[in-house]
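> Handing you this structure, nothing more for now.
FYI, it's all coordinate maths here, none of it is from the lab. Everything quoted here is computed from the prediction, not taken from an experiment. In this analysis, Cβ positions are derived from the backbone assuming ideal geometry, glycine residues included, and neighbour counts consider all displayed protein chains.
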Amino acid sequence: MTETAASQENHYFNRAGWLRASVLGANDGIVSTASLIAGVASAGVPVSDVLLAGTAGLVAGAMSMAAGEYVSVSSQADSEKADLAREAQELRTQPEFERQELADIYVQRGLDPDLARQVAEQMMAKDALATHARDELGITMASKPRPIQAALSSAASFTVGAALPLAAVVLSPQSWITINTTVASVIALGLLGGMSASTGGAPITRAVMRVTFWGAAAMAATALVGALFGTTIS
Ligand SMILES: [Zn+2]
């Protein structure tokens with residue numbers, strides 16, 4: 001029973017983690033691009049300039065997400081690799097100490113010393129490094145960090161989010177650009193927030209209120225700056 005249940009749970013967990021990362025990327029794309037557009041449009045520049053700024057914001061944001069994610073996941077992978085190398089070395093040089101260390105961990109988790117010793121021996125006979133990685137270091141071999149994949153997926157989800165306010169610019173008459181972009185973006189933020197809250201089993205209303213409030217606040221702030229700056233330079 002345990003093997004199937006554990007792997008199903010693991011799949012569910014991976015999917016939830018993947019979904020959360022995508023929603024986060026899309027959120028970022030919507031908020032930053034919509035705020036940029038609101039700021040530039042409020043300064044009273046031509047539509048072509050608003051589009052140019054929005055597109056540059058999309059590209060810059062996607063690149064920055066990809067680079068940030070790549071660096072962070074790579075360094076996580078490096079430190080896991082170093083931990084595993086150290087553990088493998090210790091298993092070679094002091095196997096008896098390592099077996100006792102593992103048994104002590106199982107005792108802490110509630111097993112009798114004799115049983116803990118037996119469990120440690122049998123687990124280590126099968127795959128000593130995987131056992132120590134999981135039970136001592138908390139590293140599961142199944143969920144290896146993948147820097148390239150993480151970079152590509154966060155850049156992609158940011159791009160999808162950023163495309164929405166850009167589409168609102170293209171589809172709006174000039175005098176409606178700021179209002180249409182912000183309203184469409186706040187609605188999309190609310191939908192995304194509600195979706196991810198319901199997937200994670202969190203209270204939906206609170207999640208929607210929080211994400212729409214802060215999204216609207218970001219857009220209002222840049223619109224204000226744009227309006228002030230636009231008045232100053234023109
Ligand atoms: Zn160990």
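> Taking the Cα atoms of the chain, what is the range of coordinates along each of the three principal axes, in descending order and whole Å?
80, 35, 26
> Further, regarding this structure: If you project the alpha carbons of region 49-188 onto the principal axes, what extent comes out on each, in Å, largest first?
77, 28, 18
> I want to verify the translational diffusion coefficient of region 63-142 in µm²/s; compute it with Stokes-Einstein, Rh as the Kirkwood radius over Cα pairs, at 37 °C and 0.692 mPa s.
Using the Kirkwood radius from Cα pairs, D works out to 237 µm²/s.
> Please work out the C-alpha center-to-center distance from region 153-219 to region 42-114 and express it in whole Å.
If you average the Cα positions of each part, the centres end up 28 Å apart.
> Grab the DSSP H runs of the chain that are 4 residues or longer, score each as -39,500 (n - 2.57), total them, divide by all residues and round the 222 nm result to the nearest 500 deg cm²/dmol.
Rounded to the nearest 500, the figure is -31000 deg cm²/dmol.
> Would you be so kind as to identify all helices of the chain, as entire DSSP H runs, whose Cα atoms reach 27 Å or more along the helix's own axis and whose mean Kyte-Doolittle hydropathy is at least 1.0?
147-171, 177-200, 204-233
> Let me ask something else about it. Just add up the charged neighbours of ILE139: K/R +1, D/E -1, any other residue whose Cβ is under 11 Å from the Cβ of ILE139.
Residues close to ILE139 contribute a combined charge of -2.
> Another question, if that's okay. How high is the relative contact order of the chain, given as a whole-number percent (alpha carbon pairs under 8 Å, six or more residues apart)?
Details: 269 pairs, mean separation 89.6, N = 234.
About 38 percent, as a whole number.
> When you take every Cα atom in region 180-234, what is the radius of gyration, and what is Dmax, the widest Cα pair distance, in Å?
Cα-based Rg and Dmax for region 180-234 come out at 14.6, 50 Å.
> With the alpha-carbon atoms as the only input, what is the per residue convex hull volume for region 136-234 in Å³?
Convex hull volume per residue, Cα atoms: 177 Å³.
> Under 14 Å from the Cβ of ALA66, count the other residues' Cβ atoms, weight Lys and Arg +1, Asp and Glu -1, and hand me the total.
Here the charged neighbours net out to -1.
> Based on the Cβ-Cβ distance of MET141 and GLN174, what FRET efficiency does E = 1/(1 + (r/R0)^6) give at R0 = 41 Å, to the nearest 0.05?
0.15
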